[in-house]
Structure formats: C-alpha cells, structure tokens
Amino acid sequence: MKFGVMVPHWGESSSPEAILRVAQEAEALGFDSLWLGDHVSVPLADNTAARDRFYEMVTTLGYLVGVTSRIKLGTGVMIIPYRHPVFVASSIATAHELSGGRIIFGGASGWMKAEFRALGVPYEARGARTDEYIKVIKHLWTNPRPQSFDGSFVQFGNIKFSPELYPGEIPPMWIGGNSRAAASRAVDMGDAWFPLHLSAGSFERRLAYLFELCEKRGREDPPLIAMGSSINFSPPGGIAPAGFQGAVPEVLELIGSYRDLGLDYLILDFPRQSLEKFIGSLAQFAEQVIPVFGP
C-alpha cells in the first residue's frame, strides 16, 4: 500500500507555516504524496472548517511544487466544472512540468449547489459537463497542436496549447466520488477511483460494482483503488470523526481490513488540533504504520 497526506490548507488552523511544514515533513518521512481539497466560495451556512478559510487549490499546488522536490502532489479532488478545462489543462500541465512529473490529477463532479450558484456554473448536468471537460483535458494533453474540440459545452478551433506534454508523461487521472456514477466514470476515464470516508461495507459493495463494470466494458486493467479518510490515534468518540481511529494496533487492523478488500492507496486527513500535534501524528504514522504495509 501507499499513503498520502491531506495538506492543512483549510480551516482556522491553516496557514502558510502549516502548509510548508506539513509538506516538507511528509516528504522527509517518506509519504508517497500530498493532497489538496477544493472549495472557492463556501456559503456562510456551511458549518464545516472549509467555511473559515480555504487556500485555493491551483495556487497552493504551485506553491507546493516549489517547496518540495520528490513527493507526488495531488488534486484531491478538483471540482472539475468550476474551471474552464483549457485553463485546467494548462495549469496542471505547467505544475507537472515544473515539478518534474510529480502531479496526480484528481477530479470529480462536485455536490455543493450553493457554490455552483456563486460561481455562475450550472448545477444541473454537472456529470455530463465533468465528462466532457475530462475529455477536453486529455485531448489537450495527448494530441499535437494545433488542436480543436467541438462538444456540447466546449468548442475551440486551431489553438496552440501549452505547455505540451508527451505520451507516457501526462499526469494520471484519478476520479473522485463515492457514487455509482463516479465508479463508472473511473472505469471509463480514470487511472484510479478515489472515494472518501466509505465504510468497509460500502467500500466492498462499490468495489464489486466497479469490477463488474470493468468486465462488462472489457477493461482488463482495473483502476487503482484509493480512498481518503480521517486518521486519529485516539480512542473512538474523541474529537476526531470516526475513520481510521484508535490506538496503533486498532488502526493497523482497520487499514489491513481495507487492504484485504482491495484498497491500494490511502490518503490521510489528520485532525487539525495544533501544528505540532499534526507533525507528531505524521511521524507516528510513518514510524509505526507504513513499515507494516511495505514500501
């Protein structure tokens, strides 16, 4: 298994110092990747930490490129309909090239209706829009210029896209979302499927559906199976939400049960108590959990 870390770029405890220290500590400790969430206009009625502060994903990704050197950097996940796909293709390709090929591009269709409204993006047909935007991004990454596209939502002709990527060197495409539609999109368009916070039972059922789709659609190499979840080395019922929570032996057992079901990659969201506790939890996980599951 491989392990990634959500960067603390939202909530009251987020800060430039927190982003920098967590990124560099995670890299030094041997985690495989760093991940960023995506909100740009959270309504005041939202009662999550995202309402308090949220450093924008693409800008923060560029910052992480400059302050790290080896660790992979992922958008986990970008709400694809929020941004024009030509802009996304260029910004992600730029980060990928400047980072030496370390970007993982994760995307999903989104769910927060008020945020769609604030951005002037239609909430209806967001799934169809997401599918087309992914096609545009892949088209720009994999075809020689000049390029043209004639879709239902996006049309352009004879443009000079830059920076150009090369076959075999484009960012892997991770498809986010817990729904059957997301699993289907991952089979059709993704290198990985990336849900969040699924119970073991839901994970097993959704995974069976994904593999069934692979067989029906003739996909012989199923997507990589990833999941994001909270992690806390404290007794259940503490300050963190339920996820991979408990003493180290309990956390090891929980992660092992998901691995046995088919999980390849776990992205961890550590509790936002204080920066020093965050760093301590990173070190504890690197020392006591990662070696159990191999390099």
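The values are calculated or read from the model by the stated rules, or taken from the named source; none is laboratory data. Since the structure is predicted, the reported quantities are computational estimates derived from the model, not experimental observations. Glycine also receives a Cβ, built like all others from the backbone with ideal geometry; neighbour counts cover every protein chain displayed.
Among the residues of segment 161-183, how many are touching a residue at least 12 places away in the same chain (Cβ under 8 Å), assigned to a loop (DSSP other than H, G, I, E, B), out of contact with any strand residue (DSSP E or B) (no Cβ under 8 Å at 6 or more places or on another chain) and not hydroxyl-bearing (Ser, Thr, Tyr)?
Final tally of qualifying residues: 6.
Can you pull out every residue in segment 269-295 that is in contact with a Gly (Cβ under 7 Å, 6 or more places away or on another chain) and not in a helix (DSSP H, G or I)?
Correct list: ASP269, ARG272.
Among all residue pairs at least 6 apart or on different chains, which show Cβ distances below 9 Å where the first residue, located in segment 1-17, is acidic (Asp, Glu) and the second is surrounded by fewer than 22 Cβ atoms within 10 Å (Cβ to Cβ)?
Matching pairs, first to second residue: GLU12/ALA49; GLU12/ASP52; GLU12/ARG53; GLU12/ARG272; GLU17/LEU275.
Have a look at TRP174, TRP111 and point out the one that is at pLDDT below 95 and under 25 Å from VAL5 (Cβ atoms).
Going through TRP174, TRP111 in turn, the sole match is TRP111.
Please enumerate the residues belonging to segment 143-160 that are touching a Phe, Trp or Tyr at 6+ places or on another chain (Cβ under 9 Å) and of a type in the set (S, T, N, Q).
ASN143, GLN147, SER148, GLN155
Being surrounded by 13 or more Cβ atoms within 10 Å (Cβ to Cβ) and either basic (Lys, Arg) or without any contact (Cβ under 8 Å) to a residue 24 or more places away in the chain (or both): is that true of GLY190 here?
no
May I ask you to verify whether ILE104 is within 20 Å of the chain's Cα centre (by Cα), surrounded by 17 or more Cβ atoms within 10 Å (Cβ to Cβ) and more than 28 Å from GLY243 (Cα to Cα)?
no
If we keep just the residues of segment 148-168 that are within 19 Å of GLY107 (Cβ to Cβ) and not β-branched (Val, Ile, Thr), which is surrounded by the fewest Cβ atoms within 10 Å (Cβ to Cβ)?
If we take residues in segment 148-168 being within 19 Å of GLY107 (Cβ to Cβ) and not β-branched (Val, Ile, Thr), then SER152 is surrounded by the fewest Cβ atoms within 10 Å (Cβ to Cβ).
Considering only residues of segment 95-113 that are part of a strand (DSSP E or B) and not small (Gly, Ala, Ser), which is nearest to GLY176 (Cα to Cα)?
If we take residues in segment 95-113 being part of a strand (DSSP E or B) and not small (Gly, Ala, Ser), then PHE105 is nearest to GLY176 (Cα to Cα).
Quick grid of which residues meet (1) over 17 Å from SER184 (Cα atoms); (2) touching a Lys or Arg at 6+ places or on another chain (Cβ under 8 Å); (3) surrounded by fewer than 14 Cβ atoms within 10 Å (Cβ to Cβ):
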site	(1), (2), (3)
LEU198	no, yes, no
PRO223	no, no, no
PHE244	yes, no, no
GLU250	yes, no, no
ILE255	yes, no, no
ILE267	yes, no, no
ILE290	yes, no, no
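Answer with yes or no whether ARG129 is charged (D, E, K, R) and buried (at least 16 other Cβ atoms within 10 Å of the Cβ).
yes
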